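Student: If you scroll down you'll find the structure; I have some questions about it.
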């Protein structure tokens, strides 16, 4: 459950960043951490990508009410 929330938070950060890139041509992650090629920026990009892969599993999980109560 904690990993799910962390993955969603990172995915939201990535989505907002891509929105800023699309609308204003501003890569906020790159701007904050010294460019898109910096180690920290690349680490954040990798974490966002891994979060997206993790969140794919949400599509295949059983979320029926009976299972949630157990």
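Since every read-out is calculated from the coordinates, none of them should be taken as a lab result. From a predicted model like this one, the values you see are computed outputs, not experimental measurements. As a convention, Cβ positions derive from the backbone with ideal geometry for all residues, glycine included, and neighbour counts pool all protein chains shown.
Student: Modelling each spin label as a point 7 Å along the Cα-to-Cβ direction, I'd like the residue 59/residue 32 distance in nm, to one decimal.
Tutor: Each label point is offset 7 Å from its Cα along the Cβ direction, giving 2.8 nm.
Student: For residue 8 paired with residue 46, estimate the spin-label separation in nm (one decimal), with each label point 7 Å from Cα along the Cα-to-Cβ line.
Tutor: Spacing of the two 7 Å Cα→Cβ label points: 2.7 nm.
Student: Among [x] 15.3, 49; [y] 10.9, 31; [z] 18.3, 50, which is the computed Rg and Dmax of the Cα atoms in Å?
Tutor: [x]
Student: Suppose R0 equals 25 Å. What FRET efficiency, 1/(1 + (r/R0)^6) with r the Cβ-Cβ distance, do residue 24 and residue 1 give to the nearest 0.05?
Tutor: 0.10
Student: Also, I was wondering about something else. Quick one: if the Förster radius is 25 Å, what FRET efficiency do residue 39 and residue 16 give, using the C-beta to C-beta distance and rounding to 0.05?
Tutor: The value I calculate is 0.70.
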